[in-house]
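Student: Supplied in structure tokens, the structure appears directly below.
Computed from the coordinates by the stated procedures, all read-outs in this text should not be read as laboratory data. Predicted model, so just to flag it, every value in this text is computed and none were measured.
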Amino acid sequence: MKKTFKLNIEGKHRDRVLEATKHEIRKYVKRQRRVPLPAGVDYWDFDCRFGSSEASATAVHFATLTALIDAAAQAGDDAFYLEILAKPGYRGARAASAEPVD
């Protein structure tokens, strides 16, 4: 998903537009996670970029998207650019704990 979301739309309340935007993003992520995994892949991971425009977008962690969207709305921005691309994710081995298990 590569899209510029407008927050100020004539005739619509800004808070409702913000909630609809978040809903659209969540719906896209849920749809991508339902796609069957290729062989050897553990889960779907996401590469994300966020900014006021496509040119100024920087790489961000997926878990921080909602906070960044809220911050953009609080700052009074008219729009923001969001790019979310699914990629295969691989789980690493857990580190062994120093304490013995009884």
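Student: Give the Kirkwood hydrodynamic radius (Å, one decimal) of the chain, defined as one over the mean of 1/r across all pairs of different Cα atoms.
Tutor: It is 15.7 Å.
Student: Picking from Lys12, Lys22, Lys87, which is most flexible by a Gaussian network model of the chain using Cα springs under 10 Å?
Tutor: Looking only at Lys12, Lys22, Lys87, the biggest GNM fluctuation is shown by Lys12.
Student: Next question. How high is the relative contact order of the chain? Use alpha-carbon pairs under 8 Å, at least six apart in sequence, and give a whole percent. It would help to have the intermediate numbers written out before the result.
Tutor: Numbers: 124 pairs, mean separation 39.2, N = 102.
Reported relative contact order: 38 percent.
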